[in-house]
Each structure stands twice: as C-alpha cells, then as structure tokens.
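Report on the following structure.
The values are calculated or read from the model by the stated rules, or taken from the named source; none is laboratory data. Since the structure is predicted, the reported quantities are computational estimates derived from the model, not experimental observations. Virtual Cβ from ideal backbone geometry, glycine too; neighbours counted across all protein chains shown. Just so you know, the surface numbers come from the protein's heavy atoms only, side chains and all, with ligands and any DNA or RNA stripped out. Shrake-Rupley method; radii C 1.70, N 1.55, O 1.52, S 1.80 Å.
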Amino acid sequence: MRAAIELSWTAAGRTSPNPAVGALVFDADGRVCGAGTTAPPGGPHAEAAALAQAGERARGGTAVVTLEPCDHTGRTGPCSRALIEAGVARVVFAVADPTAQASGGAETLRRAGVEVVGGVSAADVEAGPLRPWLHRQRTGRPQVTLKTAATIDGRVAAPDGTSRWITGEAARAEVHERRARVDAILVGTGTVLADDPALTARHPDGSLRGHQPLRVVVGDRPVPAGSRILDTAARTLIVPGHDPAAVLARLADTCCDVQVEGGPRLAGAFLGAGLVDRIEHYLAPAVLGDGRAAVEGVGARTIADLRRFRLRGPVRALGDDLLLTYDRVTGQ
C-alpha cells in the first residue's frame with residue numbers, strides 16, 4: 001500500500017474532479033505485473049491502467065488500490081467489473097468510496113468470489129493525495145491551503161513594498177513542487193499589480209513542469225494586458241469581487257485542491273471566512289521590523305477571535321528556512 005500511495009502522488013493535481021488513485025497488480029506469485037494511476041478526466045481509472053499493463057498475469061493475483069474500486073459506469077466502466085473479468089483473486093484497498101454514485105465496488109467483488117480486504121493504511125491514504133478529493137466530497141468545496149512566506153517577525157514585504165526574496169532557493173523550489181500538485185493558485189489583483197507573478201510551476205532551471213495549475217486572480221481592479229499571469233504558460237481565470245465563498249463556488253466543479261498565495265488581504269479574507277483548511281508557512285531567518293504583515297483584515301477584535309491551527313508532522317528545514325504545516329482545528 002505504501003508503494004501505491006507513492007504512485008498516487010504522481011497523479012496529484014492532474015485528475016480533478018476525480019480522485020488521485022494509485023493501483024498495483026501482483027501476479028499469483030506475488031510479483032508486481034501492473035501499475036497505474038488515475039488519468040485526467042475521461043481517461044482510465046488507476047485499476048484499469050494497472051490491469052492493462054498486467055494482462056493475463058493478473059489472473060489469480062492481487063490488486064492493491066488506495067481507494068475502493070468504483071462500481072458505476074460513467075465515462076469509463078466500473079473498476080469492480082474490470083477486476084472480476086481480469087480474474088483477480090484478491091483486492092486490497094485503503095479507503096471506502098464515500099460517494100453514493102461510485103461506492104459498492106467491494107460488495108460487488110465479494111459477490112463474485114473475490115477476497116476483499118479494506119481499510120489498509122487508511123489514515124496514510126486519507127492524509128495523502130486523496131485528502132483534497134475526500135474534503136470536497138465532505139464539504140462540497142475544494143480544500144484550501146494558505147501559503148505564506150515571512151520573516152521571523154511575520155513580515156512579507158518591506159515598507160517600500162519590496163518582497164523578493166524573503167526565502168532562499170530551497171524553499172522556493174519546494175513551492176514549485178507544491179504548485180505542480182495543486183489544481184489552482186489564487187492571488188489578488190494587488191499581488192498581480194505589485195509583483196507581476198507568473199504563478200507557474202517551474203523546475204530549478206526555469207523550465208515549465210508538466211502540470212500547470214489554473215491561475216486565479218481575485219478582485220475588481222483590471223489586470224494589465226502585458227501581465228505575465230496572462231501569458232500562454234497556463235490557463236488563467238479572473239474572478240471579480242472579494243467573496244472567498246463565491247470564488248470557491250466557481251472552482252467547485254473542477255478543482256479539489258487550491259492554494260492561496262497572496263496577498264495579505266486575500267489571505268485575511270479566506271481566514272476570516274473560515275475557509276482555510278491548511279497553512280504552509282515558510283519562515284525565513286530574517287527580521288524587517290516594519291512592513292506588511294503576512295495576513296491583514298481577518299476581522300479579529302479580541303484574543304477570543306484567534307483562528308486555531310495545529311502543527312502537522314515534523315518541521316522541515318529547507319536550507320536556512322523552515323516549512324511549518326498546520327491543519328485547522330476542528331470547529332475553527
């Protein structure tokens with residue numbers, strides 16, 4: 001299952017609104033004979049891709065899948081039926097499918113005489129590439145990660161407005177790794193006007209990565225025609241207004257995982273609306289003393305208005321910088 005999880009990471013950001021699933025097929029002697037991930041919408045599911053690679057070697061073997069095989073016909077056929085027809089003897093999966101439309105694959109497999117084991121490493125899968133999709137099934141909206149990069153004293157820009165570069169190369173490379181796994185990046189018009197960002201996912205040499213997230217600009221100020229965010233490197237969506245819920249509603253049908261990258265007022269709007277599920281905070285070993293704070297306009301008036309988050313996993317050192325990841329405390 002650990003191998004299937006690692007495999008599923010390669011599909012992250014490419015499959016929405018479908019889940020990023022990894023599947024391995026072992027032959028009857030326990031040797032891997034097929035591997036697959038969910039294709040972009042309209043393409044084969046992970047099980048079908050793994051079975052196609054395995055061919056006849058799947059007969060009598062075992063399939064290991066991060067999500068319960070689907071049991072419905074959409075743009076592709078049911079994975080439960082494909083596994084049965086391939087002659088697989090045993091199916092192991094991590095997370096039960098929570099959707100009414102696609103669930104039931106485990107029971108269909110059992111009725112056909114296939115041994116089924118569920119719940120294997122479920123917590124690890126739920127915290128991995130399936131997390132955004134599962135969040136969308138529970139809430140009806142994409143998962144929102146707020147990315148911030150600040151000095152020790154919480155500043156993201158100097159008093160004159162300059163902000164590049166607060167963090168070092170290793171931290172910036174990690175940001176591009178993350179961008180390559182999300183569906184969309186959100187910024188406000190203020191960030192576009194001040195920084196003219198490209199908001200693309202790039203390799204260290206500056207070349208574009210294979211997956212580019214949708215670039216979303218939020219606000220009412222016009223975006224200049226020559227802005228880099230309007231180039232052909234990736235798609236761009238401009239959403240007028242300042243309502244975070246309305247922005248997420250525009251993205252709900254196509255996106256599971258979105259990242260808010262700036263600026264401070266957009267970050268404050270999402271936090272104030274209670275719509276930030278995770279914070280990825282890059283902390284630079286530097287002090288400005290003055291300048292813009294990482295977040296503005298949350299609406300807190302007293303200490304009781306604190307938005308609580310819980311540190312998730314180990315703190316990561318990226319060169320001289322630190323990456324701290326926080327999940328929202330339930331009910332906040």
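Worth a mention:
- Failed item, numbered, when C70 is tested on (1) under 22 Å from R110 (Cβ atoms); (2) of a type outside the set (V, I, T); (3) surrounded by fewer than 17 Cβ atoms within 10 Å (Cβ to Cβ): (3)
- Screening the range 275-289 for residues that are open to solvent by less than 30 Å² (accessible area, probe 1.4 Å) and part of a loop (DSSP other than H, G, I, E, B) and picking the one that is farthest from V329 (Cα to Cα) gives A284.
- Where a residue in the range 19-36 is among the acidic types (D, E) and its partner, wherever it lies, is outside any strand (DSSP E or B), with Cβ under 6 Å and at least six apart: D27/R57; D27/G61
- Positions within the range 121-139 being over 15 Å from the mean Cα position of the chain (by Cα) and among the small types (G, A, S), in sequence order: S121, A122, A123
- Residue in the range 161-213 that is most open to solvent (accessible area, probe 1.4 Å), counting only those that are among the hydrophobic types (A, V, I, L, M, F, W, C) and over 19 Å from the mean Cα position of the chain (by Cα): W165
- Looking at D124, D153, just one residue is of a type outside the set (V, I, T), within 27 Å of M1 (Cα to Cα) and surrounded by fewer than 20 Cβ atoms within 10 Å (Cβ to Cβ), and that residue is D124.
- One residue from I238, I229 being crowded, with 17+ Cβ neighbours inside 10 Å, outside any loop (DSSP other than H, G, I, E, B) and without any contact (Cβ under 8 Å) to a residue 60 or more places away in the chain: I229
- Out of R312, R292, R301, sole residue that is buried (at least 17 other Cβ atoms within 10 Å of the Cβ) and charged (D, E, K, R): R292
- Helices (runs of 4 or more DSSP H) wholly inside the range 80-157 that include at least 1 residues being among the small types (G, A, S): 105-111, 122-126
- The criterion of being in a loop (DSSP other than H, G, I, E, B), in contact with a Ser or Thr (Cβ under 8 Å, 6 or more places away or on another chain) and either open to solvent by 40 Å² or more (accessible area, probe 1.4 Å) or free of Cβ contacts under 8 Å to residues at least 60 places away in the same chain (or both) holds for V223.
- The number of residues in the range 251-265 being farther than 14 Å from G188 by Cβ and either surrounded by fewer than 15 Cβ atoms within 10 Å (Cβ to Cβ) or of a type in the set (G, A, S) (or both) comes to 3.
- A158 surrounded by 15 or more Cβ atoms within 10 Å (Cβ to Cβ), within 25 Å of the chain's Cα centre (by Cα) and hydrophobic (A, V, I, L, M, F, W, C): no
- Only one of the numbered conditions (1) among the hydroxyl-bearing types (S, T, Y); (2) within 20 Å of the chain's Cα centre (by Cα); (3) at pLDDT 90 or above is violated by T99, and that is (3).
- The one condition in (1) among the β-branched types (V, I, T); (2) at pLDDT 95 or above; (3) farther than 30 Å from A269 by Cα; (4) surrounded by 15 or more Cβ atoms within 10 Å (Cβ to Cβ) that V117 fails to fulfil: (4)
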